[in-house]
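These notes concern the structure reproduced below.
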Amino acid sequence: MTVAGLAEASGVSRAMISKIERGEAQPTAVLLTRLSGALELTLSELIARAEGDAVRVARRSEQTEWTDPETGYVRRAVSPPARGILELVEVEFPAGASVASPASAYHFKEQQIWVLSGHLRFVEGDLVHELDAGDCLQLGPPADCVFVNPTDEPCRYLVVIGKRRG
């Protein structure tokens, strides 16, 4: 895909894509979600391909962590970057944080969110899900979504991602 094609498909400017490629800009979660959605890759796949990893065991000490410069949320790729059909991602979501994701980021994958600790408000289109520790949500059809931690305590959750079936 050309930079122009990626810019058009993702809604991210060509200039910003070029800055990211050259390491001149630190992309936010929203920006990376738009790019990975346009490429039909999960965020972990995008990062793994950029880093060139192809291992089957993901040791805790070697799992890729990424921190959103805008919200401070930490995303850890738990699964090995071997491009399997399932992917596990752990998120440490700071108190008061909010991150929006467009529907285009969800059209090629199925997801479940399992809250490990704290509280997560997940806005899925017109639906609002209030999730506490132990709750697990199966996402519905692709919709614009917002992850919100409305509390003064951090929230930790696991996202299970699978390629959407035909």
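Things worth noting here:
- Cα gyration tensor, the chain - rounded (a/c under 1.5), prolate or oblate: rounded
- The residue list MET1, ALA77, LEU88 was ranked by how far each Cα lies along the charge dipole of the range 1-146 toward its positive end, using unit charges on Cβ atoms, and MET1 comes out on top.
- The peptide list 104-111, 121-128, put in order of mean Cβ contacts within 10 Å with the highest first, becomes 104-111, 121-128.
- Rounded to the nearest 20, the Cβ-based charge dipole of the range 87-166 about its Cα centre (Lys and Arg +1, Asp and Glu -1) stands at 420 debye.
- Stretching the chain fully between VAL123 and GLU65 yields a gain of 18.4 nm (0.36 nm per residue, less the alpha carbon separation).
- Label point at ASP144 placed 7 Å out along Cα→Cβ; residues across the range 25-39 whose backbone nitrogen lies under 20 Å: 28-39
- Magnitude of the charge dipole for the chain, about its Cα centre and with charges confined to Cβ atoms of Lys, Arg (+1) and Asp, Glu (-1), is about 640 debye.
- The chain: relative contact order as a whole-number percent, Cα under 8 Å and 6+ apart: 21 percent
- Calculated FRET efficiency for the pair LYS19/ASP135, C-beta based, R₀ 30 Å, to 0.05: 0.20
- Solvent-accessible heavy-atom area per residue, rounded to whole Å², over the chain at 1.4 Å: 54 Å²
The values are calculated or read from the model by the stated rules, or taken from the named source; none is laboratory data. On a predicted model such as this, the values are computed, not experimentally measured, just so you know. Note: ideal-geometry Cβ built from the backbone for every residue, glycine included; neighbour counts use all protein chains shown. For the accessible areas, the whole protein counts, side chains as well, though only heavy atoms, and no ligand, DNA or RNA atoms are used. Shrake-Rupley method; radii C 1.70, N 1.55, O 1.52, S 1.80 Å.
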